[in-house]
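S.K.: Sharing a structure with you now.
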Amino acid sequence: MFRMGAMSASSKVLLRRSLAGSSSAPRRAAAARRAVVVSANGANSVDASRGSAYDCECCPPGSPFLFRLPNTRFASVSTRSAASSSPSVLASAVPSDVPSAAEELVDYLNNSWTSFHATAESARMLTEAGFTRLSERDEWALKPGGRYFFTRNMSSIVAFAVGEKYEPGNGFNIIGAHTDSPCPKLKPVSAVKKGGFLGVGVQTYGGGLWHTWFDRDLSVAGRVLLRRGKNKGRTSHELVRVARPIIRIPTLAIHLDRNVNTEGFKLNTETHLAPLLSTAIKGELEAETSGGKAEEDEKKKEKKKPAHHPLLLAVLAEELDCDPGEIVDFELEVCDTQPSVIGGAAREFIYSGRLDNLASSFCALKALLDAGGGGSLANETGVRMIALFDNEEVGSDSTAGAGGTGVARPP
């Protein structure tokens, strides 16, 4: 039990005022606990280490008080008590500022819902810092002091800076990380209809804590393959992110699963993890009103079960400003719409998904941009490089993974 030391004179006055309106002993005791504040006068402030008796009108002489403020290594801040309009200093851990690097990391996380978006955000930061974008189709003419990057599959990126004193054979300094994170991904045939609801079929990607995806405001993001009419039938890859929550993985009500708290939740990723998109009736009505001419032409063709719900295609088309019929295919992930934030009473934590491994990706990127003082290469004799790969969560054995040829050819 905590003990409170002797109170300052100003604190006693505040305490007596709080006790004046209390009509019973319990209420007086509660008021006493609420009214105690530490005086702004350092000479008369509470000495928590003495553990002396608490002296007031409602407690017998020598009675120990219930609470004592713990020691803290943080700076004091001002607050306002209910009984007074003047600020009173409390020992509290509330710093007024947050490191700029932490804020930049949060922005990076919020712009990187998928490996595609993480790569695009990294490319944007590199371009703004003066890096030159290369294409693997072209012949490169690299120069000492040059800064370059290239992407592969729109989901992995390699950036490097050649030192001004570099000579062949000096070597490379490489930081590796990955842009992908565990998540449910939409199946190639995602349309699911069951129990009067439209669902979205998903498959697990990587080693995720799948029970944490339940009862969250979810959406989709990723890459879409389009064949726009204005492009004369040419296909293009475009990124999409639906910011509003459109799907949800609900938990079964306790009335229908009475033993879940004693026997635990036995997750079946195939049957339990399918997010709900809409009711079947609402979904069909919305699909009828949102379809365009291309969709009407499709209806005239041989009828077959669609690979994806028309309502989902309509939502994607709205984000991409295209006709649903122009969507050829996509590679989408289920994403949590709750933004990454800096949290904690002392603003010392980052609350976010995808920290595995975007935190390392951001640190590598930041190191490359800031190394040598603003990225200076004047005294650099080697090559600084970062490689942010895709598909690490499933073994890295892909063209965009660390097992591919993005950095080095395998033996």
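The values are calculated or read from the model by the stated rules, or taken from the named source; none is laboratory data. This one's a predicted model, so the numbers in the text were calculated from it and none came from an experiment. With ideal geometry, Cβ positions are generated from the backbone for all residues, glycine too; neighbour counts draw on all protein chains shown.
S.K.: Got a number for residues in the stretch 361-398 being assigned to a loop (DSSP other than H, G, I, E, B), surrounded by fewer than 15 Cβ atoms within 10 Å (Cβ to Cβ) and either among the charged types (D, E, K, R) or touching a Gly at 6+ places or on another chain (Cβ under 8 Å) (or both)?
M.R.: 5
S.K.: Out of all the residues in the stretch 217-232, is one or more at pLDDT 95 or above and surrounded by fewer than 17 Cβ atoms within 10 Å (Cβ to Cβ)?
M.R.: yes
S.K.: Exactly one of (1) in contact with a strand residue (DSSP E or B) (Cβ under 6 Å, 6 or more places away or on another chain); (2) farther than 30 Å from Ala191 by Cβ; (3) at pLDDT 95 or above is unmet by Leu332. Its number?
M.R.: If we test Leu332 against (1) in contact with a strand residue (DSSP E or B) (Cβ under 6 Å, 6 or more places away or on another chain); (2) farther than 30 Å from Ala191 by Cβ; (3) at pLDDT 95 or above, just (2) comes out false.
Yes/no per residue for (1) charged (D, E, K, R); (2) over 28 Å from the mean Cα position of the chain (by Cα); (3) outside the structural domain of Glu331 (by TED's automatic domain parsing):
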position	(1), (2), (3)
Gly130	no, no, yes
Trp140	no, yes, yes
Arg147	yes, yes, yes
Val158	no, no, yes
Pro168	no, yes, yes
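S.K.: Additional query: Go through (1) in contact with a Pro (Cβ under 7 Å, 6 or more places away or on another chain); (2) under 27 Å from Ala367 (Cβ atoms) and name the single condition Trp213 misses.
M.R.: All conditions are met except number (2).
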